[in-house]
1. Which aspartates and glutamates, if any, have their Cα less than 18 Å from the Cα of B:Lys144, not counting same-chain residues under 8 positions apart?
2. How large is ³J(HN,Hα), in whole Hz, for each residue of segment A:65-76 in order, when computed from phi with the Karplus curve 6.51 cos²θ - 1.76 cosθ + 1.60 and θ = phi - 60°, using x for Gly and Pro?
3. Could you pull out which residues in segment A:305-334 have an amide N less than 12 Å from a spot 7 Å beyond the Cα of A:Asn341, following the Cα-Cβ vector?
4. Output ³J(HN,Hα) for segment B:303-314: one whole-Hz value per residue in order, computed from phi by the Karplus curve 6.51 cos²θ - 1.76 cosθ + 1.60 with θ = phi - 60°, and x for Gly and Pro.
5. Past 21 Å, Cα to Cα, is the threshold; run A:Lys261/B:Lys255; A:Lys177/A:Lys209; A:Lys330/B:Lys292 against it and keep the listed order.
6. Given a 1.4 Å probe, how much area per residue of the protein assembly as shown is accessible, in Å²?
7. Quick one: length gained pulling A:Val211 to A:Lys225 fully straight, 0.36 nm per residue minus the C-alpha distance?
8. Counting helices only, and only those DSSP H runs with n ≥ 4, report the 222 nm mean residue ellipticity of chain A as the sum of -39,500 (n - 2.57) divided by its residues, in deg cm²/dmol to the nearest 500.
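The values are calculated or read from the model by the stated rules, or taken from the named source; none is laboratory data. None of the values given here were measured: they were computed from a predicted structure. Every residue, glycine as well, gets a Cβ built from its backbone with ideal geometry; the counts of neighbours run over all protein chains shown. Calculation scope for accessible area: heavy atoms of the full protein, side chains included, ligands and nucleic acids excluded. Shrake-Rupley method; radii C 1.70, N 1.55, O 1.52, S 1.80 Å.
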Number of protein chains: 2
Amino acid sequence: MDRRKFIRGAGLAAGGLAASTIAAPAIADSMPKLKWRLTSSFPQSLDVLYGAANIFAETVRQATDGNFEIQVFGPGDIGPALKALDMTSDGTVEMSHTASYYYWGKDPTFAIGTAIPFGLNSRQENAWMYDGGGMDLMNAFFKKYGVYGLPGGNTGAQMGGWYRKEINTPADFSGLKMRIAGLAGAVMAKLGVVPQQTAPADVYPSLEKGVIDAAEFVGPYDDAKLGLYKVAKYYYYPAWWEGGAMLHFFVGLDKWNSLPKSYQAIITAAAAMANVQMQARYDALNPGALRKLVSGGAQLRPFSGEVMEACFKASNEVYAELSAQNADFKTAYEALKAFRNEQYLWFQVADGTYDNFMFSLQQKGAL
Amino acid sequence: MDRRKFIRGAGLAAGGLAASTIAAPAIADSMPKLKWRLTSSFPQSLDVLYGAANIFAETVRQATDGNFEIQVFGPGDIGPALKALDMTSDGTVEMSHTASYYYWGKDPTFAIGTAIPFGLNSRQENAWMYDGGGMDLMNAFFKKYGVYGLPGGNTGAQMGGWYRKEINTPADFSGLKMRIAGLAGAVMAKLGVVPQQTAPADVYPSLEKGVIDAAEFVGPYDDAKLGLYKVAKYYYYPAWWEGGAMLHFFVGLDKWNSLPKSYQAIITAAAAMANVQMQARYDALNPGALRKLVSGGAQLRPFSGEVMEACFKASNEVYAELSAQNADFKTAYEALKAFRNEQYLWFQVADGTYDNFMFSLQQKGAL
């Protein structure tokens, strides 16, 4: 995709308005006083996830000299965490900060906006969204729900979760009651896992009492807050269902179209800034948290090759089933898959080799 | 570093001005008509590097409804490519888009803003700059040259360059006339390389005539434009001197301080957007370019472990020498090194394992 086209595209939806803005006195139209509400799916306790919305809102406020105020609300303030998209669609709020895969129950295509098993890593998600047609493709889909989406943060590859027993072979998944949601849960179910929905606050007691056997959450920094190593010490990696997990800012489509072009440009840039800075923040915080978890007793374990292969096979079965049922999913999945396959051809060369050499130096204490 | 502090920090330098802005009628102060000149170190032919400045300038223009225009100039339009920093320092231009390591001859500390041998990868550079104290630390140094720097793009890990003969052991570097600049050239010199300065247009004929034996450039997308596989077919990876190469936007410090806080916020967000989108564009374009190079006859070769180890050792010698001579270098290098070592502890876990599994699937044609 052409970059200039992308940037200009930010203003296209407001075509008529932008044209009149040029003719009219500049100030009144370009810096109107606006007060919007943004609902976040993330509690303040998950400060990096929640914080990305603050970075965004604060940038918009400063860039408009306080004329465009976006107030950030947490789950429960206006409505439930997982209704952020719905509240944006129906105009309860002007915008939201959430993960599109939370809404995969409405349509599995939503999962592709965030992460799918054996999908893209964090950098590749940016490449697909900004430059590989991903944003246009996903927005053509989001439009059906009356929202416009902008990439709004990433966690990087997540951890595979906490387990009360070791997972050595695919058979060890059989009968496992695991807190895991969405598409990943559907794949895990093929391997015999019984996926559970568990609110973050309930994960610790549920593992402690054996109500569940395993739970996936995010990565070291967020996981450390739950203290799960005390009740399920085996900490597996990676989350093959989240090689990168991209968040979105959703804006009601009519609200987006009503904005002056200048405000659309500011929102676009502020979202990109929140996007890159959220990943930066997780990357800066995760190493210390990992050390803390390991010194607290967490037993780090990689999923074996055999386990990963079985999960990959199960994922492809789920993709085939969903593609047969849902044309939007098929279109988006095939676009992402083609992009992914080219990305992994290239990433193993310069980036992969460089990183692997640095890992080897770290492992032998040479850094 | 606290995120809010970082965002607010964008306006701190303009303290007095910002305070008066609040009291005065908002519009006149917050959206003044400004026309700035930005000089880029990159020719238009390197469209991704040059293009990042256009993304930036176009975003600023749109965000300010055309009131703040930043005109982008290429090398030679106002002054030479490698005088971009100097022209920003002395007020010839208000800002520039360049790589700080071009100026390492003034002070080797400049190298740390872009990339140093066996330094950070692209994501880690963002983490260090935005969240690990890197921006504050580098700006304390840049201040001596009268400029304020903002991260402004990245290439990702680069390729190790084009060689007329195979490099199997460190001894093969001995006597090699190689186009390689900066700190990497100083490290290569320890291995017997004779570093050469060669303008991009001269690289092909110099290799063809044997004036040089090897040349490093960027990555597949830019390298493909030079057609070097025809005259030096061995294409090595990775560039251990550029695990990621971060560009900067430099703004004259007095110019930065004279801006209303709203324009500072817009520049900060637009630079972050250019930063993430330049990396995205390279990632999207490199796979196809790599295919083209290989089908044209390029022989892909990884540097051997023995070669990489020797280069790492030589790099550490150079770091020790520079640290003994230069206190700014020592401070910045030690901060970056401590951050790097923690980063590589973590990156090998979730991200590294995920990527390596995906590489294995790609290699066996399973994707």
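1. B:Asp86, B:Asp90, B:Glu94, B:Asp107, B:Asp136, B:Asp254, B:Asp328
2. 6, x, 6, 10, 9, 10, 8, 9, 10, x, x, x
3. Flagged as within label range: A:334.
4. Computed from phi, the couplings for segment B:303-314 are 4, 5, x, 5, 5, 4, 4, 5, 5, 5, 4, 5 Hz.
5. Working: A:Lys261/B:Lys255 26 Å; A:Lys177/A:Lys209 12 Å; A:Lys330/B:Lys292 29 Å.
A:Lys261/B:Lys255; A:Lys330/B:Lys292, as the Cα separations exceed 21 Å there.
6. Details: 24570 Å² over 734 residues.
That works out to 33 Å² per residue.
7. Working: separation 14, 0.36 × 14 = 5.04 nm, distance 2.03 nm.
That works out to 3.0 nm of additional length.
8. On the way: 15 runs with 184 residues, N = 367.
Dividing the helical sum by the residues of chain A leaves -15500 deg cm²/dmol.
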